Amino acid sequence: MSEARQTSAQNPTQAHARPETPDQKPAQAAALSEKPAQKPIQTPASQSTVRQHPRLLPLPTRIRRAMSGSWAMLVSTLILLATAVIGLIPSFNSGALKQNIVLGAVPAGTDGHMWGTDALGRDVFMLTVAGARTAIAGPVVIAVGAMAIGLVFGLLAAYTGGWVDWLISRVVELMLSLPTLLLAIVLAGLIGGGYWVNVLVFMLLYAPYEIRLVRSAALSHLHDPFLDAARLLELNPARILARHVFPVIRPVVGAAMFLDMSNALVSLSSLSFLGLGISPQAADWGRQLSDARDQLFNNPMTAIAPGIAIIVVSVAMNIVGDWITARADRGER
């Protein structure tokens, strides 16, 4: 009895364990003999996803991929450079405004006029080429000016924080709630200025979008190690923003500027079509479209030429902006 008590005291689990039945022994032996289930080996081929053939993709997807390629970027750049250079040639700008009221509107190919003439006898080809000056100058000024405002206030809000960030963000939200084009039409009608007044109005209306964009891009990099090191060195905040933050967000800034140029071209052409800002005799694509409403049957090229010019230049600006954005995304990865 004493030996049994000592054994139970040393092995309490064995003392209270249930006795094994004859049926449990074969089941335990079978469980031990079974091998654990092996997981299937995943090869690199099984892990990779099968790419869909380009010809099987939807047409909009194929068009978007084709327009984002390097060749589309090259063609778009050449179009923009040609538009800018042609718009600066004085001979086109002086010869495009010569009127011949006696000749009037003639169809394309008449009397040496490749694209015909408008109601005032002006050559449509020369007038369209001369319109490249306002098509490039105005959008460039709008994009550069709006981005300059966006960089100043966006970086200030992101770096300072606190009530400065709160105040700038509330003003930006208030301005973003207003319809841009409708407000531009109202301001252009009230001020009654010319083309450059419209440019100034759009510059101020586009600035809130750039402030929000720059602030968001800067906030994502303010806690990077190199910026923390710059703060530890007690560098000037303006130097930190100019030499350390701006180079990081530069691709975003460049892409946004080209997209702003595209939107500004369409917006300025819309105001010119409505007769706001640009003078009646100036060479402008929006004004050409407005004057061509009465000449669609006499010479359709009066409307086709400036319309295609607006579409081509606007799409080229978008392609360049998308290409810069894609390159920046690949660089971050």
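The values are calculated or read from the model by the stated rules, or taken from the named source; none is laboratory data. Small disclaimer: the values here were computed from a predicted structure and weren't measured. In this analysis, Cβ positions are derived from the backbone assuming ideal geometry, glycine residues included, and neighbour counts consider all displayed protein chains.
Structure summary
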{"read-out": "Extreme residue, surrounded by the fewest Cβ atoms within 10 Å (Cβ to Cβ), among residues of segment 288-329 that are more than 27 Å from the chain's Cα centre (by Cα) and of a type in the set (D, E, K, R)", "value": "Arg293"}
{"read-out": "Any hit, segment 217-226, residues being over 18 Å from Ala157 (Cα atoms) and part of a helix (DSSP H, G or I)", "value": "yes"}
{"read-out": "Segment 225-269 - residue that is among the polar types (S, T, N, Q) and surrounded by 17 or more Cβ atoms within 10 Å (Cβ to Cβ) and, of those, nearest to Ser290 (Cα to Cα)", "value": "Ser269"}
{"read-out": "Residue match in segment 120-138 (condition: small (Gly, Ala, Ser), out of contact with any Asp or Glu (no Cβ under 7 Å at 6 or more places or on another chain), outside any helix (DSSP H, G or I) and surrounded by 21 or more Cβ atoms within 10 Å (Cβ to Cβ))", "value": "no"}
{"read-out": "Filtered residues of segment 150-164 (kept if surrounded by fewer than 18 Cβ atoms within 10 Å (Cβ to Cβ) and either in contact (Cβ under 8 Å) with a residue 12 or more places away in the chain or not in a helix (DSSP H, G or I) (or both))", "value": "Gly161"}
{"read-out": "Count of residues meeting criterion [free of Cβ contacts under 8 Å to residues at least 12 places away in the same chain and farther than 25 Å from Gly192 by Cβ] in segment 273-299", "value": "2"}
{"read-out": "Subset of segment 178-191 (residues that are under 18 Å from Asp284 (Cα atoms) and over 26 Å from the mean Cα position of the chain (by Cα))", "value": "Ala188"}
{"read-out": "Residue that is farthest from Pro139 (Cα to Cα) [pool: residues in segment 165-209 that are among the hydroxyl-bearing types (Ser, Thr, Tyr) and without any contact (Cβ under 8 Å) to a residue 60 or more places away in the chain]", "value": "Ser169"}
{"read-out": "Residue that is nearest to Thr117 (Cα to Cα), among those in segment 274-287 that are surrounded by fewer than 19 Cβ atoms within 10 Å (Cβ to Cβ) and not small (Gly, Ala, Ser)", "value": "Gln281"}
{"read-out": "Among residues of segment 171-200, those that are of a type in the set (A, V, I, L, M, F, W, C), under 16 Å from Phe273 (Cβ atoms) and assigned to a loop (DSSP other than H, G, I, E, B), counted", "value": "0"}
{"read-out": "Qualifying position, being of a type outside the set (Phe, Trp, Tyr), at pLDDT 90 or above and out of contact with any Cys (no Cβ under 8 Å at 6 or more places or on another chain), among Leu181, Leu174", "value": "Leu174"}
